[in-house]
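Report on one structure; see the data block that follows.
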Amino acid sequence: MSKDNDFVEVIAREVAADPDNLALREDFVTLLLEQDPGRAATELTAFEAHGGDPARVRLLRARLMAARLRTSTPPPAETAAPAPKPVPVPVDEDRQDTGAAVSMWDAERPAVTLANVAGLAEVKRHLDTAFLAPLRNPELAAAFGQKPGGSLLMYGPPGCGKTFIARAIAGDLGASFIHVTLADLLSKWIGESEKAIQSVFRHARAAAPCVIFFDEFDALGGRRTSGGGGSQAMRMLVTQLLEELDGVAGANDGVYFLAATNRPWDIDPALRRPGRIDKTVLVLPPDAVARAAIVQGALDGKPAAEVDVVAVAAATEGFSGADLAHLTTTVLQEAMVESMSRGELVPVTTDAVLTAAGGVVPSTASWFDQVAPVLEYGVDDGTFDQLRAYRVKRGMR
């Protein structure tokens, strides 16, 4: 048995020993997506049955579809049965997406801005320098021949607020916002996924200024490799996206393309070419200021006995926003159970939060372990400069 299989079985035993640990179940599904999509489907069903968050279930199902597409291979020619001819689906002239209504791409106007993002001063500074400053000064940009628009790839550990930051960027720009996931694009019908991408950009151009945000971008914009029919389908998706980014189907003035990923090393190099998605920003785990604000926000309006959020922030170094949300949910549930047991209100205390925090391993740790060999052995075009500086500052090897 390989070391990878050994590790999978270790995690499987941990899941069996603690079947209600939803965070562990989700991590197990994510691990299996890379190695065994069939088993991942089974574990995803179990994750949903145990009360997994519906939004996470939908996202994991989309990633499972992508994993199956990448790993699928056509049957041998001598045994392959002729594929059934698909029944034509009527397509309205005003909708060229996967069959969803045009309202699927209704653009919203976010009310949040980067001023609503607590802490993360370094991230916001880099965003302003590399991306937002020229967009906030269109006259100056025009004088230097720069068109309104741009693209940015945000990467970093999961659960650190990349989606919230994307909305805040749209708010800063006074732009509309379209949030796209892989589940919105994939279709069993050949060509429909490409039409969906066309539809996203068409609607964004009509709503300009508009931010298009692609979540879990590695699942869509992954490297195009040789292989079976599934790989061909992913190649077609990436090719269509390249055409839209290059403005082949129409001018992209006023269209801002943002993408988020936990695996930037898996993005197809053609998408990272200068003039396409050529700017990056590392979205790190929240700093102490942000952690205190997250905990305070989660406890506001709840029975809490003046919790010292500064002390909690100091004890939760490396926690993601999702880790902190899980922490506060856990202590609130424990206080509720104790209140029901005693027959009186038992508020959350600082000690209760600190005790619970001591039993949590930050989910970001596994991501930093995963990225270490990429930094050591991978080809780096400058994407990881911020990450290298962060690791040196934190004393990581």
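The values are calculated or read from the model by the stated rules, or taken from the named source; none is laboratory data. This is a predicted model, so every value here is computed, not measured. Please note: Cβ atoms are built from the backbone with ideal geometry, for glycine as well, and neighbour counts cover all protein chains shown.
Tabulated data for the structure shown
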read-out	value
Conditions (1) more than 25 Å from residue 139 (Cβ to Cβ); (2) charged (D, E, K, R); (3) surrounded by fewer than 16 Cβ atoms within 10 Å (Cβ to Cβ); number of the one not met by residue 263	(3)
Test: residue in region 315-323 that is out of contact with any Pro (no Cβ under 9 Å at 6 or more places or on another chain) and modelled with pLDDT of 95 or more	yes
Test: residue 171 is assigned by TED's automatic domain parsing to the domain that holds residue 220 and part of a loop (DSSP other than H, G, I, E, B)	no
Residues within region 361-376 that are under 20 Å from residue 22 (Cα atoms) and surrounded by fewer than 17 Cβ atoms within 10 Å (Cβ to Cβ), tallied	3
Count of residues meeting criterion [within 23 Å of residue 297 (Cα to Cα) and of a type in the set (Ser, Thr, Tyr)] in region 108-150	1
Criterion (out of contact with any helix residue (DSSP H, G or I) (no Cβ under 7 Å at 6 or more places or on another chain) and touching a residue at least 12 places away in the same chain (Cβ under 8 Å)) met by exactly one of 290, 314	290
Near pairs, Cβ below 7 angstrom, 6+ apart or cross-chain, from region 182-209 (over 15 Å from residue 242 (Cα atoms) and without any contact (Cβ under 8 Å) to a residue 60 or more places away in the chain) to any residue that is small (Gly, Ala, Ser) and assigned to a loop (DSSP other than H, G, I, E, B)	205/250; 208/254
Count of region 109-135 residues which are assigned to a helix (DSSP H, G or I), without any contact (Cβ under 8 Å) to a residue 60 or more places away in the chain and farther than 16 Å from residue 253 by Cβ	9
Any hit, region 337-346, residues being part of a loop (DSSP other than H, G, I, E, B), surrounded by 23 or more Cβ atoms within 10 Å (Cβ to Cβ) and of a type in the set (Gly, Ala, Ser)	no
Yes/no for residue 97 being of a type in the set (Asp, Glu), buried (at least 17 other Cβ atoms within 10 Å of the Cβ) and at pLDDT below 80	yes
Cβ-Cβ under 8 Å pairs, at least 6 apart or on other chains, region 338-357 side free of Cβ contacts under 8 Å to residues at least 24 places away in the same chain, far side part of a helix (DSSP H, G or I) and of a type in the set (Gly, Ala, Ser)	352/335
Selection from region 281-303 of residues that are assigned to a helix (DSSP H, G or I) and surrounded by fewer than 16 Cβ atoms within 10 Å (Cβ to Cβ)	288, 289, 297
The listed residue being among the acidic types (Asp, Glu) and either touching a residue at least 60 places away in the same chain (Cβ under 8 Å) or not in a helix (DSSP H, G or I) (or both), out of 306, 376, 334	306
